[in-house]
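Coordinate-derived values only; no laboratory data. Computed from a predicted model, the values in this text were never measured in an experiment. Neighbour counts are summed over all protein chains in view; Cβ atoms, including those assigned to glycine, are modelled from backbone coordinates with ideal geometry.
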């Protein structure tokens, strides 16, 4: 940072209302007591299996790694996974651009745009893959794009399939990035921007000195979530690509699942370790971004910053029209999925959604036999349990990682481990867990505990940020009265607690990978019931589209019901 940029910050007084760097009254070992339950859970479910996998990969020396790295198919899968990471960075950039567009739009148009963009983030990759495969069906009689471009490119064939899968990923995750960046842009330090203009700072220098540091926390959250989704790409490729081309678009996690038996224990474990190293690189990028933010002069807490005045960069009508057009484009996959589900199974198999033949036949077929209904009940029960477990373990762990609860070095190590575990691919723990579970496979509580452990690190990181942002007087008052601050901090961080609970529920509700890797019974997982239907994509499209609609309605309604509180919890965390 240049001296001139630092001078801009020095001109404005800094009012730090966040929690103090250290407070007393908790006892010498109080922080460790709060951290112990979460540490025990992730150690048993994630760290121990990770250690077993690492040891297994080294049992025969470096030969396992050599056999994997010299396999041409593995190298292609690794290259494809790196490509998804690059796409994730592009999604973050697109989200920032759309956030700027939303800022220039009117209030109603902005609300419409943000809702249309954000809702795909709570749907499953299974739904995204299904919707885009329906849109790009190669048969002009069924595919929306093929009907508009008869005789055009075979979008589900080699080469073009990357466009379909990439668009599905962009559709699903751009909205989350846009929502987070929109909040960050609305809370820019306007006082510093005015001072920068007074001193003649150009647009680039204002971005470097004021805008960039203010957006670092938001960018860190966005990159952590989106890059993690890219590392864990699985269902999107499994469903979105027809079987004839799936081998050409395999990613590491999916290749591991297909070929772990053929590879053998050593090479399969080595491939899992390589996938973990890729996840560690994602964690390192996020940690680096936070390190840069910490070393940059603080411009003051977001809670005290006023929203900047809206500046129109172009005609208001043009900006509004662009926002509405983007909202309609983002709503298209939902519309195609819904209209497909509202047609008879026979009509879906032979013609597109625009030709009529509407009815509830596909929904009747979807619930026929009661298997899907039973799986819905089991999935809902498990998702509620996962949400409760994550909140129960994450609140004390996040409190333990606030300043002064643990020695500084221990706190940094614990936070770094949390970041690493937040991006850890489930494949690396799947084989040891499957061997340890044995007869426990099929018990709802067991899978709920595993899913909770996978979500817990991200929940701890979100809550820790919220707890640290709680104003200093709120923390000091209960301590002065001889009471613990954790209850008060939890209340003040209510939006973040709600966000973590909703996040845990949605991830458990949509989860297919954990149960699939552990060979969990299909009747206990609604997403796996749908996956079995997609094996006969053309003939069963109506039934599994109806099942996808039911699976999508639950998280979408939950997101709409929690609304602004959920958005505040993910971006700011505290009530004030």
Check your understanding: Which percent of Cα pairs goes in each bin when the distances of region 160-212 are cut into 10 angstrom slices starting at zero?
Key -> 21, 31, 21, 18, 8, 0
Practice item. Express in % the proportion of alpha carbon pairs of region 140-187 at distances exceeding 15 Å. Key: 61
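Given the -39500 (n - 2.57) contribution per DSSP H run of 4+ residues, what per-residue ellipticity at 222 nm results for the chain, rounded to the nearest 500 deg cm²/dmol?
Values: 28 runs with 409 residues, N = 576.
So the helix-based figure for the chain works out to -23000 deg cm²/dmol.
Using the Cα gyration tensor of region 483-576, with a ≥ b ≥ c the square roots of its eigenvalues, what is the shape: rounded (a/c below 1.5), prolate (a/b larger than b/c) or oblate (neither)?
Working: a/c = 4.62, a/b = 2.26, b/c = 2.05.
Since a/c reaches 1.5 and a/b is larger than b/c, the shape of region 483-576 is classed as prolate.
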**Study point:** Sites residue 55 and residue 532, calculated FRET efficiency, Cβ-Cβ separation with R0 35 Å, nearest 0.05
**Key:** 0.50
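So if R0 is 60 Å, what FRET efficiency would residue 204 and residue 63 give, r being the distance between their Cβ atoms, rounded to the nearest 0.05? List each step's numbers first, then the result.
Values: r = 52 Å, r/R0 = 0.87.
With a Förster radius of 60 Å, E is 0.70.
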Review point. Once the Cβ-Cβ distance between residue 277 and residue 40 is put in as r, and R0 is 22 Å, what FRET efficiency do you end up with, to the nearest 0.05?
Key: 0.30
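Let me know the Kirkwood hydrodynamic radius for the chain, please, with Cα pairs as the basis and the value in Å to one decimal. Can you show the working numbers first?
Numbers: mean 1/r = 0.0398 Å⁻¹.
After inverting the pairwise mean of 1/r, the radius is 25.2 Å.
Taking 2.2 N^0.38 Å as the expected size of a compact globular protein, what ratio does the Cα radius of gyration of region 73-200 give against it, to two decimals? Walk me through the numbers before you get to the answer.
On the way: Rg = 19.0 Å, N = 128, 2.2 N^0.38 = 13.9 Å.
That works out to 1.37 for region 73-200.
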**Study point:** Pairs of Cα atoms farther than 13 Å apart, region 318-382, %
**Key:** 71
